[in-house]
Structure formats: C-alpha cells, structure tokens
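Below is one structure, written out as structure tokens; comments come after it.
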Amino acid sequence: MKNGKLMVAPAMLWLSIFFVIPLLIVVAVSFAGRTPYGQIIFEFTTDNYLRFLEPLYLQIFADTLIVAVITTVATIIMGYPLAYFIARLPKKWQQPGLILVMIPFWINFLIRSYAWVIILRTQGVVNTLLMKLGLIDQPLQMLYNDAAVMLGMIYALLPFMVLPIYVSIEQLDLRLLEAASDLGASPLTAFRKITLPLTMPGIAAGTILVFISSLGMFVVPDVMGGAKSALIGNLIQNQFLAARDWPFGSALSIVLAVMSLVLIILYYRALQSQEGGKADAKDVA
Amino acid sequence: MQTKFFMKGCDNKKMEEMIRLQGITKKYGNNLIIPNLDLTIYDGEFLTLLGPSGCGKTTLLRMIAGLDTPTTGKIYLDDEDVTNKPPYKRDVNMVFQHYALFPHMTVEENIKFGLMMKKVPAEEQKERVAQVLYLTQLEEFRNRRPQQMSGGQQQRVAIARALVNNPKVLLLDEPLGALDYQLRKNLQLELKNLQRGLGLTFIYVTHDQEEALTMSDRIVVMNKGVIEQDDDPDTIYHYPNTRFVAKFIGESNFFESDNETLVIRPEKLNLCPEYEDEAAEKTHPEPGYYGTVVDVVFYGTIDKVFIRLDNSNQTVVAYQYFDDVKRWSPDERVGIWWYAKDEVRVTR
Amino acid sequence: MQKTWRSHLLLAYSLVILAFLYLPLLILALYSFNESRINAVWTGFTLDWYKTLFQNRRVLEALMNSLFIAIISTVVSTVLGTIAAIALNRYQYKCKPVINGLLYLPILIPEIVMGLSLLVLFAQTQVPLGKTTLILAHITFCLSFVVITVNARLEGMRHELEQAAMDLYATPLQTFRYVTLPLAMPGIVAGALIAFTLSIDDFIISFFVAGPNSTTLPLYIYAMVKRGISPEINALSTLLMCATISLVVIAQILQPQHSSKNND
C-alpha cells in the first residue's frame, strides 16, 4: 500500500491538463495581439486590458456589478424565509422539502429562462390573460429589457441561495433557541441573536454562489434580454463567437476569474477564522 | 452469561508469558507519546491499562493489535516477534471503543466475518457462530442490523465478533464507555465472569478507576506514556507508589514534610475532639494534626468531613461511618490521628 | 397566539416563493400539451408535439449524442473521482491546499471561463471540436463533484470499521472489497448520478466546445429558442426536466440522512 497515496494522481493530472493548463493559455492569450482576421499573434501587449477602460466596456462592467448586487440581495430576501420554512418542516417532510429545494438547482438556466419567455412574450401567458380580461388591448412589451433580465437572473439563481442557507439552518441546534427563550429572549430576538449569526455561513456561501454566477451569466441576458441588455458574460461570449477577438475575450475572462477568485478567497478566510474558533472550543471540551 | 462452552480449563499455567513489550517507544512527529516502556502480560490474566486520556494506553493497545507500530522496540506474542506483522496476521482481536460493527451486515454476518477471512470451513463457521451466539445470548438478534440494537446489545455483538476467532488475547478499548452507569455495572461483572470462564487473556483499557479495581487481576497505571505502578488492585489502592497513583485512584490526603510525602486514605483518618480526657486519649495514637471542621457532606453510607489544618491552607477529608463515636459539624475543633500501618510514603 | 400568525405568515411567504420557483416550469410543461402553435390560448390537449419530436431525426441525434457523452463522462469521472476520494480520505497530504484548490476551483470559477479556456486549449492544440472535446470537457467539470460527493460519504464512515476488518484477518484488499467499497457505494452511486445529471444538462461549457456534428439536447434547445418559440421546445424541455428531476430524486434518496446522526 506504499503507492496508495498516488491514487489521487490520475484525477489531479486530469484537472491539471484540462483545467489549469487551459487557464494558463487563456492568460497567455490575454496578453497577445491578433490579426484583423482574428488570428492570434503571440507578442506581449497589455492593450487588451487597457481596452477594458473604454467607457463602453466600463459601463457594461458597472451594469454587471449592479445586476449582481441586486440579484444577490433579492435572492437573500426571497430565499432565507423559504430555506427556514423547509428546514423547519416536520421530520417526515424533511426529505421531500430538500428535494423541492434541489430540483430547480439542477434544471439548467436555458430551460428556466425559456419558461419565462413563454410567460412574458407578446403572445405569452400574461398578455393573453390580460387581454382576455379586457385590462389591455395592446400586448405589453415585457421581454427584452433590463427588468426582464433582472427577473430572469433572480429566478435562475434563487436556488443557489436557498440550498446553502437550508443546509446551515438544518444543522442549527434547536436547543440553542430553547436556551435563548429560557433566558428571556423573544422569538424575534432569538432569531436575531442566535439563528441569524449561526446561519451566516450559509448566507455567505449563497452570496458567493449567486454573486459569482451572476457575474459570469450569459444565458439569461441572451434569452431574455435581447441585444440591448449585455453583461460581461455576453461580451465575452461575443468576443469568442461573433467578433473573433480572442485576446480581448481572454483578458475579459481573466478579469472575471480573478474577481471571482478574490471573492472566494475572502469567503474562505472568513470561514476559516470562524472554524478556527470552533476547533478551539472543541479542544476545551 | 453462559460459559460452559469455550472453557479452556482453568489449570495453573498462570505464569506463562503471553505478550512481552520490550523497549517500546512511540513518536508522532515530534510528539513523544511513549518514552520507553517494558511490560509482560501473562496467559489467562485480566490486565487493565488505566490512566487519564492521552496517557498512551490506547496507543499501546493498538500496537499490540497491529493497528499502530512502535517507533522502536519489540512486541512478542506467545514468543513470536510480531512487531511488524500487520493486524490481519495476528492472533489477537479487539473490541473497539464504539464497537465498529459493520452497518451493512447483520449480527451473524458481523460475527462470521473473521472466520470467513481466515477461510475456516463453512461447517465449522456455522458451529462456532452458533456457540458464540449462545454464549452472548444474541441468538434471537442474529438477523438484525447493528443500528437496530441497543448499546448494550451492540457491545455484546462486538465481543462475540472478537471471541469467535479464539484469539490468544482479547483487547478491549473502553468497551463500556458509551453505556449508562447501571448497564456498565452489570456488564463489568459479565465480562469478568466471561474472562474467568474462558481462561482467556484480556487486556482492558479504561480511564475509569472503579471499573479497573472491580475487574482486573492486575492494573498498570499509566501517565504520560510511563508506567506509574504495576500491581494487583488491592496493592494499587492501598499502597500507591506515586503521588499520581494516589491521586488518580480514590481520594487521598497528602501530608508533606521535609523530604517525604505521606499519603493517607480518607477512611484511615480518625477524628477526636481537640481536648479529651486522659482515658480517651490513651485509646489511640496522639493526633498528628489539629484543625477546624469546614464542611460535613452526607454521602449515604458515610459522612465526608472536610477539615482545614491549623497553620496551613490545606484541607483534608476524612470518612466517618455512623457507628463511629460522633457526628461532626462545622466549626468544631478536631484532632486528626492514624495508625502507623496506614501510612504510605510516596517518593514522586 | 403570536407564534401562530408568525408561522402562518412564513407559510404564506414560502408558498409564494415556491410558486415563483415552480409555476414557470409547470406552465412550460403544460403548454407542451396545448394544440395551438402560436399563442397562449388553451385550445385543447394534444401529444402532437411529442410525436413530431420523436419523428425529428435531429432531435433523436442530439438525444443520442447527449446520452453517449453523459455515459462516458459519468463512467470516467466516477472511476477517477472515487479512486481520488478514497486516497484523500485515507492518507494525509502535505500538498492538501493544492489538491483542494484543484478540486474546488473548477466548481467555483464561472462556467463561461472554464468553457472558453477549454475552447482555447483545443484550438491551440488543434483538436477538432466534436464529441471527443465534449467528453473531455464534461469529465473535467464532473470530476470535482464526484470526488466531493464520495468524500462526504467516506468522511461519515469511521476509520475504526476498516481497522476492525483488518483486526478480523481481512487483508487490505479484502478490507476494501468487503467493508470500504460497500459502505462507500451509496456515495459513489450518488456521485455518478450527479455527474450524469450535470453532463446531460450542461449548456454553457458544451456551447464552447461542441462541433458541428455533436449537438447535444441543451444545445439543440438553444438553437430552437434562438429561431423562435415553438411547442416542440416545450416538449423537449419538459422531457429534459423530467429526466433531471428523476435523477435528483434518486440521488437524494441514496444519500445518507444526516438528520438521523443527531439522534444518537
């Protein structure tokens, strides 16, 4: 069994070849130039990153951040109570409850965005209903604008918030709440002082998942936003498929990846300092 | 528990050596768990390794099982060097602390596992499993899964699973630790009877001194990887070698003087009024110390009397039985005396 | 009293959110049975859209592609991932942070970045885009999920069990065969199901590395959506959803119930 340790090697090798090396190539390409026909020329230049500072792209970047923040906040407000409700269901409903949370998590963005197209388009469910009721005589244009993109993003990413929060609430020791109420805390105070701080890691994990996913999202704006509402994800997709400007697309995606990594590292740090505290408590016991 | 099967016959081969640990040391990284240890365990003996958690007793047991290897030193099992033999080639079996029953197998499959691995013929497997099921009164549970059983029943399965292999030595790692007090008391006696009936060598690890005193033929008290004392229970209790042993087992009072420490058990301390008439004075040795009663706590069969000694901050405790002369109350002045034969001198 | 109105409010709010999550999907499924091709007026129940779907050669081709890619990716990633998880569970690694980084980054980094970086890799090494590149990509993003799922299962398992087996004369190989593997099996199956679901459902990464003759179902749906609305998309989406839901439910049932841990 001396060589047992090497059993991780195949998987690690695979990830190195198909994850790390491609990322490194993208880094290299992001510093390269290109011919007018889209051919990559490997000569060192920072132009691709500097181009990012043009107002047009800065605007897209700002829009993306705003959408990401709003999406994150909205999913917390919508997701926390739902996660709380499901985690507190009676025992026999726990498993169905969990499955109920998991399912939307696994159905892909494309189908879930398309569902809203069915509902919101000019001949869609809502317009048909409103016309039938005589409330409007012209169909409303509800798709292909920023509001539609926001709605789509929230809808797509809500499960990413609910699931980690659900897990953290489910793990919460109910006796702590009993202790709090025994010590004179009202239900609201107990929630604020006990439940909320202890489920913070769940909220943080959800925030990371939602925020990073919304930064890189291109399916929802593509399907629900039309040409008008472009986010960084669409910009990157365009550089690779339509504009054939791979160096610029690479630079954009490196910026995106670095931003995501910074967020992840911050989250990991915060989590570790918390778990360090927990481990100390265990040693004392 | 039924013991008529599996009897080895309790002839007097008591002093035959079963396990010899020679110059054992164990390091985890830079952490020295066991500095240097020698120990011989005899055939048919109930030996207990007793000590606080982290004293190295479980590590020692695991080295005998082969689940750990000593950094240096040799382990002999029945005169054979097994130091570097893997666990599956050693004729010893272990009852794990949390039983480690296989959750995906029934009770019977759990018990049969060792026999299957040893490729014992199927007929014999059946027979031996049946015997051990009978011995441990588990017959009606044979098709249950461990999760469907109580802690006490799981404990029996763990013992049956080890015993069925007819090991030379049975290792038990705090096997009663997870059970409640009453059940533990009953199982202590059952285990002791089982061991006596089978004439099997048991090495038992525990941090519970009461358990050790009740069950063992011999107790090895360990602290920080070092054997503090190795004696029969009676000697360990009445004549502790070291301060640590005196403190760890039962309650003790320490009286320090210039170059020695006297240890006297609370039940050996006698109390008398500070001023007595001459007749009474003559019936016992002269009090060595005087003090004031600070507290008297009722313990059912005894009173524990706590006394602050004069001219020091030290508090000692004496057990007073109700057939003794008098019941004491706080603030009374007392003299403390004892018989010289009850003094124990410890060096460390 | 207070407690009741509070829990009623929570119930109502949760039902609204659940409706928000599920209603669009139900409507999508419902309209796959509507006779009318163009608008949302309900004109009658029909299975026609499913029939045309099953007569459409390109849909069947996409389905076959999806299944083929998913099966191969699942097998490879499950084998590689399980072996790695067992090693990670059994041995201490000095380079654990590096290993963890390699395992978690593919999950945490935006999918689009992973997709385009694979595209760049294949372009630079002049590997033609097609089923092969899709399979390589799918194995890559499934691998981490398998390792993590199997590892979670192994972590819940006491090392004592393996030691007990060794103490009972089982060689390392027998210990693996009779104790480790059967106990890890639910985790391995769950990992495989997750890999299969991820693969069959993936759009973003496939979007970058698929070639002209390797359209998968999600890619086909995307192409249809881009062309315009039609009930066939609803039918196809509904089928894909049903597949996903069944896989999730099966995987969930196979997972150990962690709430039962609190009981002892």
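The values are calculated or read from the model by the stated rules, or taken from the named source; none is laboratory data. Since the structure is predicted, the reported quantities are computational estimates derived from the model, not experimental observations. Ideal geometry is used to build each Cβ from the backbone, glycine not excepted, and the neighbour counts take in all protein chains shown. All accessible areas refer to the heavy atoms of the entire protein, side chains included, with ligands and DNA or RNA removed. Shrake-Rupley method; radii C 1.70, N 1.55, O 1.52, S 1.80 Å.
Quick grid of which residues meet (1) of a type in the set (Phe, Trp, Tyr); (2) within 16 Å of C:Thr238 (Cβ to Cβ):
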residue: A:Ile76; (1), (2): no, no
residue: A:Gly79; (1), (2): no, no
residue: A:Tyr84; (1), (2): yes, no
residue: A:Gln95; (1), (2): no, no
residue: A:Ile99; (1), (2): no, no
residue: A:Ser113; (1), (2): no, yes
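If you scan segment A:42-68, which residues turn out to be within 13 Å of another protein chain (Cβ to nearest Cβ) and farther than 30 Å from A:Met161 by Cα? Before the answer, list the steps.
Step one: list which residues in segment A:42-68 are within 13 Å of another protein chain (Cβ to nearest Cβ), which gives A:42, A:64, A:68.
The answer is A:Phe42, and nothing else.
Has segment A:175-189 got any residue that is of a type outside the set (Phe, Trp, Tyr), open to solvent by less than 30 Å² (accessible area, probe 1.4 Å) and under 30 Å from the mean Cα position of the chain (by Cα)?
Checking segment A:175-189: not a single residue is of a type outside the set (Phe, Trp, Tyr), open to solvent by less than 30 Å² (accessible area, probe 1.4 Å) and under 30 Å from the mean Cα position of the chain (by Cα).
Which of the residues spanning segment B:201-234 are within 16 Å of B:Ile64 (Cβ to Cβ) and buried (at least 21 other Cβ atoms within 10 Å of the Cβ)?
Hits for segment B:201-234 are B:Thr201, B:Phe202, B:Ile203, B:Tyr204, B:Val205, B:Thr206, B:Val220, B:Met222, B:Gly225.
Filter segment C:109-156 down to the residues that are free of Cβ contacts under 8 Å to residues at least 12 places away in the same chain, within 10 Å of chain A (Cβ to nearest Cβ) and open to solvent by 50 Å² or more (accessible area, probe 1.4 Å) and list them by number. Spell out how you get there, then give the answer.
Restricting attention to segment C:109-156, the residues satisfying the condition of being free of Cβ contacts under 8 Å to residues at least 12 places away in the same chain are C:109-110, C:113, C:117, C:120-121, C:123-127, C:132.
After this cut, where a residue has to be within 10 Å of chain A (Cβ to nearest Cβ) as well, the list is C:109-110, C:113, C:117, C:120-121, C:123-125.
C:Gln124, C:Thr125, listed by residue number.
So, in segment A:221-260, how many residues would count as being within 11 Å of chain C (Cβ to nearest Cβ), closer than 17 Å to C:Val113 by Cβ and in a helix (DSSP H, G or I)?
Looking only at that region, the number is 23.
Among (1) over 26 Å from B:Asp310 (Cα atoms); (2) in contact (Cβ under 8 Å) with a residue 12 or more places away in the chain; (3) charged (D, E, K, R), which single condition is B:Asp234 missing?
Going through (1) over 26 Å from B:Asp310 (Cα atoms); (2) in contact (Cβ under 8 Å) with a residue 12 or more places away in the chain; (3) charged (D, E, K, R) one by one, B:Asp234 breaks only (2).
Working only within segment B:177-213, note down all residues that are in contact (Cβ under 8 Å) with a residue 40 or more places away in the chain and of a type in the set (Lys, Arg).
Of everything in segment B:177-213, those that are in contact (Cβ under 8 Å) with a residue 40 or more places away in the chain and of a type in the set (Lys, Arg) turn out to be B:Lys192, B:Arg196.
Please specify each residue of segment C:157-175 satisfying the condition of being among the hydroxyl-bearing types (Ser, Thr, Tyr) and touching a residue at least 12 places away in the same chain (Cβ under 8 Å). Reasoning before the result, please.
Start the filter on segment C:157-175 by keeping residues that are among the hydroxyl-bearing types (Ser, Thr, Tyr), which leaves C:169, C:171, C:175.
Once the filter is applied, which keeps residues that are among the hydroxyl-bearing types (Ser, Thr, Tyr) and touching a residue at least 12 places away in the same chain (Cβ under 8 Å), segment C:157-175 yields only C:Thr175.
Answer yes or no: is there a residue in segment B:84-91 that is of a type in the set (Asp, Glu) and either outside any loop (DSSP other than H, G, I, E, B) or more than 13 Å from chain C (Cβ to nearest Cβ) (or both).
Here is the first cut: in segment B:84-91, the residues of a type in the set (Asp, Glu) are B:91.
Imposing the further condition that a residue be either outside any loop (DSSP other than H, G, I, E, B) or more than 13 Å from chain C (Cβ to nearest Cβ) (or both) reduces the set to none.
No, because not a single residue in segment B:84-91 is of a type in the set (Asp, Glu) and either outside any loop (DSSP other than H, G, I, E, B) or more than 13 Å from chain C (Cβ to nearest Cβ) (or both).
Across segment B:65-87, which residue is nearest to C:Gln174 (Cα to Cα) among those that are among the hydroxyl-bearing types (Ser, Thr, Tyr) and surrounded by fewer than 16 Cβ atoms within 10 Å (Cβ to Cβ)?
Within segment B:65-87, the subset among the hydroxyl-bearing types (Ser, Thr, Tyr) is B:69, B:71-72, B:76, B:83.
Narrowing further to those that are surrounded by fewer than 16 Cβ atoms within 10 Å (Cβ to Cβ): B:69, B:71-72.
Working: B:Thr69: 21, B:Thr71: 27, B:Thr72: 29 Å.
The selected residue is B:Thr69.
Which numbered condition trips up B:Arg144, out of (1) open to solvent by 50 Å² or more (accessible area, probe 1.4 Å); (2) in contact with a helix residue (DSSP H, G or I) (Cβ under 7 Å, 6 or more places away or on another chain); (3) not in a loop (DSSP other than H, G, I, E, B)?
Of the numbered conditions (1) open to solvent by 50 Å² or more (accessible area, probe 1.4 Å); (2) in contact with a helix residue (DSSP H, G or I) (Cβ under 7 Å, 6 or more places away or on another chain); (3) not in a loop (DSSP other than H, G, I, E, B), the odd one out for B:Arg144 is (3).
Please enumerate the residues belonging to segment C:40-89 that are of a type outside the set (A, V, I, L, M) and open to solvent by 60 Å² or more (accessible area, probe 1.4 Å).
Across segment C:40-89, the qualifying residues are C:Trp42, C:Thr43, C:Phe45, C:Asp48, C:Lys51, C:Phe54, C:Gln55, C:Arg57, C:Arg58, C:Glu61, C:Phe68.
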